[in-house]
Amino acid sequence: MRVSRLVILAVLAFAVTAFPASALDLEVDVKPPPGEVGTPYEFSFYAEEGCPPYRFAYVNGTLPPGLRVTTEGKLTGTPTEAGSFSFWVTLDDNGGPHNPFCLIPSTQSQGEFTMIVMPDLAVKTTSLPSATPGRPYSAQLEFTNPESGWPVVWDITRGSLPTGLTLSESGVISGTPSGPDTKTFVVRAREPFRRFGERELTLRVAAALRASSSLRAGEVGLRYAGAVSASGGVPPFSYSVAIGDLPAGLALNAATGAVRGVPQGSGIFGLTFAVTDSAEQRVTVPASLRIAARLAITTGRVPATSVDAAYRARLASSGGLAPKRWRIARGALPRGIRLDATTGVISGIARAAGDFRFTVEARDRLGARSTKVLRLTVTG
C-alpha cells in the first residue's frame, strides 16, 4: 500500500511537470466602456489561461483621473476629468516553483487599453425669470454635454413648481400661475439608464405691480423733492412720464422714481406716470403737481395814523404756500401798535407821534421768505 501511494505521487508530479499551464493572456479585446465625470465607475479586466489567482497592475500611460487599477483586476473610482485616456496593464499569475500544481512560471502578459470619459450631463440653466399671477408663463430649461443618439428627459426630483405651472419632458416650464408664490425645487436632466444632471432652482411668482405718487406742492425757485413709488411686481422697476410734462426745472429719475430739481414756472400740472417691472408688468399713476409762484410781499405802503387813534392795516402777499408767518425783521412799530404773526394785521393805538421805519418779513410753509421796508407815520 505504501509503495502504491509513492507511485501515484510520482505520476502526478510528472503530469504537472510534463503538462504546464497554457500561456497567460490579458484579453485586450474586452475594452472598458465609456465613463462619465462625477459618476462612480467599475470595469473588470479579463484574463485567460495561466494559473489563478491572477494579479493585475497599472504600468504606465495615463489613467483617467479619479480611477485606479486594483490587484484583483478592477478599474474603479469616480472620473474627475473628461477625455480619451490610454494606459498599460500587466497580468501575472500564480505559476512557479512555489505552486506544486503549476510549477512552470508563466510569462507576464501586458495590454494597452483606451477609455473615454465623457463630461457630466449637466443642467445649464442657473436661474429662471419671474412669473406674474394671471399671465401665461414659459421658460425652456437647458442642458450641456449630451451624448449623441440619446434623448434627454426632464423631471423634478425634489420640491414643486408654483401652482398653475408644470414641467414637460422636453424641459419647458409653462402655465398660468394663480397667485404670488416662491418655490425652490430640483430639476433633473437624464439620459435613459445612465447619465443625469441636477440643479436646484427657484421660481418666483411676484405679486401684481402697484404704484403710487407722493408729490407735494412746490414753489418757484425752491429745491423740490417728490417721488413715484412701486410695490409688488418684479424689481428692478422703470419709471417714466406717460402723459403730460413735468414743470421746467424738474426731472424724473427713471431708475428710482425720484422727482427732483428747482421749478422755474408756477401752475398746476396734470401728469400720468408709468411704472414697468422686469416681468413687463406696466401700471400708470395719475397725479397733479402744484407749483406756487415765489412768495412776495405786495403791500407797498401802510396808511398813517395819529396818537390815541385806533389803527388797523393788513399786510398782503402773493405766491408762496400757506400758512404764512409775519414778523418785524428790523426796526420797530410805534409804541401801542403790534403785528399779528399769523394774519399779517398791524393794529393798536399809537401812544407817541413820529415817523417809524421798519422791515417786515413774510415766511411760508416751505421756508420761502420775502421782506419789505415800510414806513408808518403817527401825527400828534
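For the reader, a short list of remarks on this structure follows.
- With Cα atoms, 0 to 90° folded angle of helix 2-18 axis to the chain main axis: 60 degrees
- Radius 15 Å from Cβ of GLY354, net charge of other residues (Lys, Arg +1; Asp, Glu -1): +2
- Ranked by the mean number of other Cβ atoms within 10 Å per residue, highest first, peptides 308-314, 293-299, 350-356 order as 293-299, 350-356, 308-314.
- Partners of LYS372 within straight-line reach, counting aspartates and glutamates whose Cα lies under 19 Å from its Cα and excluding those fewer than 8 residues away in the same chain: ASP340, ASP355, GLU361, ASP364.
- Cα-derived Rg to Rh of the stretch 122-205, Kirkwood definition: 0.99
- Contact order relative to length of the chain, as percent, for alpha carbon pairs under 8 angstrom and 6 or more apart: 9 percent
- Dipole of the stretch 256-380 [Lys/Arg +1, Asp/Glu -1 at C-beta], most positive-end residue of GLY319, VAL283, GLY300: GLY300
- The loop-placed GluC sites (Glu not before Pro) in the stretch 43-135, going by DSSP, that have at most 15 neighbouring Cβ atoms within 10 Å of their Cβ come out as GLU49, GLU72, GLU81.
- Potential lengthening between GLN108 and LEU366 on full extension [0.36 nm per residue; Cα-Cα distance subtracted]: 82.8 nm
- Taking the Cα centre of the chain as reference, the dipole from Cβ charges on Lys and Arg (+1) and Asp and Glu (-1) amounts to some 5000 debye.
- Cross-link partners of LYS31 among aspartates and glutamates (Cα-Cα below 16 Å; sequence separation of 8 or more within a chain): GLU42, GLU48, GLU112
- Spatial separation of Cα centroids for the stretch 347-361 and the stretch 179-225, in angstrom: 68 Å
- Anchor LYS183: lysines whose Cα lies under 27 Å away (excluding residues fewer than 8 positions away in-chain): LYS124
- Given [x] -0.75, -0.82, -0.88; [y] -0.48, -0.59, -0.69; [z] -0.43, -0.54, -0.68, the label whose value is log10 I(q)/I(0) by the Debye sum over Cα atoms at q = 0.08, 0.09, 0.10 Å⁻¹ derived from this model: [x]
- When shorter helices are ignored and each DSSP H run of at least 4 residues is given -39500 (n - 2.57), the per-residue value for the chain at 222 nm works out to -1500 deg cm²/dmol.
Values in this text are rule-based calculations from the coordinates and carry no lab data. Because the structure is a prediction, the values reported are computed rather than measured. All Cβ positions, even for glycine, are placed from backbone atoms using ideal geometry, and neighbour counts span all protein chains on display.
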